[in-house]
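Single-structure report; data block below.
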Amino acid sequence: MTLTNLITGFLGSGKTTSILHLLATKPASEKWAVLVNEFGEVGIDGALLADSGALLKEIPGGCMCCINGLPMQVGLNTLLRQGKPDRLLIEPTGLGHPKQILDILTAPVYEPWIDLRATLCVLDPRQLLDEKIVSNENFRDQLAAADVIIANKRDKATAESQQVFEQWWQTYGGGRLRVDATQGNIDAGLLTLPRRNLAPLPESAAHAHSHPSNKGLAALSLPGHQRWRRSVNSGQGYVACGWIFDADTQFDTIGLLEWARLAPVSRVKGVMRIAEGLVRINRQGMDLHIETQNVAPPDSRIELINDGDIDWNVLQTSLLKLRVS
């Protein structure tokens, strides 16, 4: 059987970074797999996890629980039957509802395959100060479904966010384990913990996403000799716009970072080709984190998410001007 953990968290909480830390502790004798789901279609998390040493299956373009759970079951079956991993980490989109996913994982058909362990929810306590996030049904249910609450980004906490989180914990934390973390650095021992929060979750309201190109089964790619491509996906009041560029396209480093810093959106995530190799960009609100490596990625991918539509053509025009080759 495959030891399995669901790792949830709202947009920008630090799920992917936490998973990268966990994968770095993988015993050499074990085979691990990651089933990753993104709201947008470009597949940024897949690019970030590509060199982690784990088997990887992407489900971009909405919630893996949509369409009666078909995208998730296809990806899950592929990993379990072909990969036969010792451990499976499942990262749903930050706008995903955990109930449907947990219902699938605990279905009788998967009993011989899956040993479901603790569900981890990664939380940036500052999110509790944002009424739009707090009132989001998926945000509330992600916390309600968790066995372990990872209070992440401790280095970014303010006195106000810490106070609000402590109040939340006193009210809702009962029966759960709390772990404080910085930059998603958590102990892999958490993955062996059993499920402890078995209270039934409320049914979620129906939520729809557009699936314009691939129905959520494969990440966006470039056909033929196309140099770049854009994809827009929307649902639950959020809009994701992403671009993918071929391996021959290189970007001006300083200009690209300024573009990412100043883009009038709430979330920016990308793996882009620059003269120095690659740059990983991760911005939530005004928090911008960058990391460079002197290796070139197979292509460039960047995605912006915002709580409402904006003029993507203006952002695209300025991004295209940053190409240097």
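Scan the stretch 145-169 for residues that are more than 24 Å from the chain's Cα centre (by Cα) and either open to solvent by 70 Å² or more (accessible area, probe 1.4 Å) or at positive phi (or both) and jot them down.
Passing the criteria: 159, 160, 163, 167.
So which residues in the stretch 84-103 are under 26 Å from residue 30 (Cβ atoms) and either part of a strand (DSSP E or B) or open to solvent by 10 Å² or more (accessible area, probe 1.4 Å) (or both), if there are any at all?
Residues satisfying the conditions are 84, 86, 87, 88, 89, 90, 91, 102.
For the stretch 124-144, check the following and say yes or no: at least one residue is more than 25 Å from residue 200 (Cβ to Cβ), assigned to a strand (DSSP E or B) and modelled with pLDDT of 95 or more.
Within the stretch 124-144, not a single residue is more than 25 Å from residue 200 (Cβ to Cβ), assigned to a strand (DSSP E or B) and modelled with pLDDT of 95 or more.
Just need a number here: residues in the stretch 8-56 that are free of Cβ contacts under 8 Å to residues at least 24 places away in the same chain and either assigned to a loop (DSSP other than H, G, I, E, B) or closer than 22 Å to residue 286 by Cα (or both).
5
Are any residues in the stretch 127-144 closer than 15 Å to residue 168 by Cα and more than 18 Å from the chain's Cα centre (by Cα), and if so, which ones?
Within the stretch 127-144, 128, 129, 130, 131, 134, 135, 144 meet the criteria.
Output the residues belonging to the stretch 170-180 that are open to solvent by less than 60 Å² (accessible area, probe 1.4 Å) and within 24 Å of the chain's Cα centre (by Cα).
Step one: of the stretch 170-180, the residues open to solvent by less than 60 Å² (accessible area, probe 1.4 Å) are 173, 175-177, 179.
Scanning the stretch 170-180 gives 173, 176, 177, 179.
Among the numbered conditions (1) modelled with pLDDT under 85; (2) closer than 30 Å to residue 125 by Cα, tell me where residue 21 comes up short.
Residue 21 satisfies all of (1) modelled with pLDDT under 85; (2) closer than 30 Å to residue 125 by Cα except (1).
Among the numbered criteria (1) under 20 Å from residue 197 (Cβ atoms); (2) within 19 Å of the chain's Cα centre (by Cα), which one does residue 183 miss?
Status for residue 183: all satisfied but (1).
For the stretch 186-209, check the following and say yes or no: at least one residue is open to solvent by 20 Å² or more (accessible area, probe 1.4 Å) and either in a strand (DSSP E or B) or of a type in the set (Phe, Trp, Tyr) (or both).
Checked against the condition, which is being open to solvent by 20 Å² or more (accessible area, probe 1.4 Å) and either in a strand (DSSP E or B) or of a type in the set (Phe, Trp, Tyr) (or both), the stretch 186-209 yields no hits at all.
Please list, ordered by first then second residue, the pairs with beta carbon atoms under 7 Å, 6 or more apart or interchain, first in the stretch 171-190 and at positive phi, second surrounded by fewer than 16 Cβ atoms within 10 Å (Cβ to Cβ).
From residues that are at positive phi, the pairs are 175/196.
So, in the stretch 267-325, of the ones that are out of contact with any strand residue (DSSP E or B) (no Cβ under 6 Å at 6 or more places or on another chain) and among the small types (Gly, Ala, Ser), which residue ends up modelled with the lowest pLDDT?
325
When you check residue 70 against the structure, is it in contact with a Lys or Arg (Cβ under 7 Å, 6 or more places away or on another chain) and at pLDDT below 85, yes or no?
The answer is no for residue 70.
When you go through (1) at pLDDT below 95; (2) within 25 Å of residue 283 (Cα to Cα) one by one for residue 103, which number turns out not to apply?
Of (1) at pLDDT below 95; (2) within 25 Å of residue 283 (Cα to Cα), only one is false for residue 103: (2).
Sort out for me the strands (runs of 3 or more DSSP E) sitting completely within the stretch 223-325 that have 2 or more residues that are touching a residue at least 24 places away in the same chain (Cβ under 8 Å) and open to solvent by less than 20 Å² (accessible area, probe 1.4 Å).
228-235, 238-245, 267-274, 277-284, 300-306
Across the stretch 149-164, what is the total count of residues that are in contact with a helix residue (DSSP H, G or I) (Cβ under 9 Å, 6 or more places away or on another chain), assigned to a helix (DSSP H, G or I) and polar (S, T, N, Q)?
So the count comes out to 2.
The values are calculated or read from the model by the stated rules, or taken from the named source; none is laboratory data. In this text, all values refer to a predicted model and were calculated from it rather than measured experimentally. When we count neighbours, we look across all protein chains shown, and the Cβ atoms used for this are built from the backbone with ideal geometry, even at glycine. Ligands, DNA and RNA are stripped out before the accessible areas are found, and what is left, the full protein with its side chains, is counted by its heavy atoms. Shrake-Rupley method; radii C 1.70, N 1.55, O 1.52, S 1.80 Å.
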